[in-house]
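Report on the following structure.
Taken together, the values in this text are just the output of simple stated rules run on the coordinates, not laboratory data. The structure presented is a predicted model; accordingly, all values stated were derived computationally and were not measured. Heads up, the Cβs are rebuilt from the backbone with ideal geometry, glycines too, and the neighbour counts pull from every protein chain shown.
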Amino acid sequence: MTVPSAFLAFGVVAALMTLIPGVDTALILRSAITRGRGEAMLAALGICTGVFVWGVAAAAGASAILAASNLAYQVLTYAGAAYLVFLGGQMIYRSLQKKRSPATRIPMPQSSYRTYLTGLVSNVLNPKIGVFYIAAIPQFTPAGTNALLMGMGLSAVHVALTLVWAVALVYGVRIAGRWLGSAKSVSWMDRITGTVLIGFGLKVALSRP
């Protein structure tokens, strides 16, 4: 895998992960509906900051493991591939369930600073994002490249995609709200994303020497 192809492949996965309705999407939508576009973008900036923090932290950890032990890095890589397959299978399984959990309730902050902070904290305190990066970075780091710099670059791609999605949500809040409220749309998005994650996980696991 070359660096450009790694960025492209990660971009596909990150885009699908970004589109999945969750806490981040709910926070941006509700900020846009109840407090306006400016507040929603502040929430999005906080979310992006949290994403970048997790990406850099995970990349630093992967870089340290690579420097310390190639065996440990290989173990981390296989564990990451297994996690991607598990995550994808979980999404597909969830999409097949008839009953879906109600949307997560998020208390709205009272100031612009707290709007940003809410977005930041919602990501920094979400271990699933950290686990995703720990699993993903080894998969999308070509041999011979710096894991830390690659992780920072991948995080920047994820941040850019998140901002684009946030702008789309803010300026199309009514349409997006109806679409994201459709159980059928959410189910299909889970299935597509789950299939892609399983495919990437299997590809990485089977291509390792």
Which chymotrypsin sites (Phe, Trp or Tyr not before Pro) in the stretch 121-168 sit in a loop by DSSP (not H, G, I, E or B) and have at most 16 other Cβ atoms within 10 Å of their own Cβ? none
Taking the Cβ of S112 as the center, what net charge do the other residues with Cβ under 13 Å away carry, scoring Lys and Arg +1 and Asp and Glu -1? +2
Extend 7 Å from the Cα of A156 along its Cα-to-C-beta direction; within the stretch 27-57, residues with backbone N under 18 Å of that point are 48-57
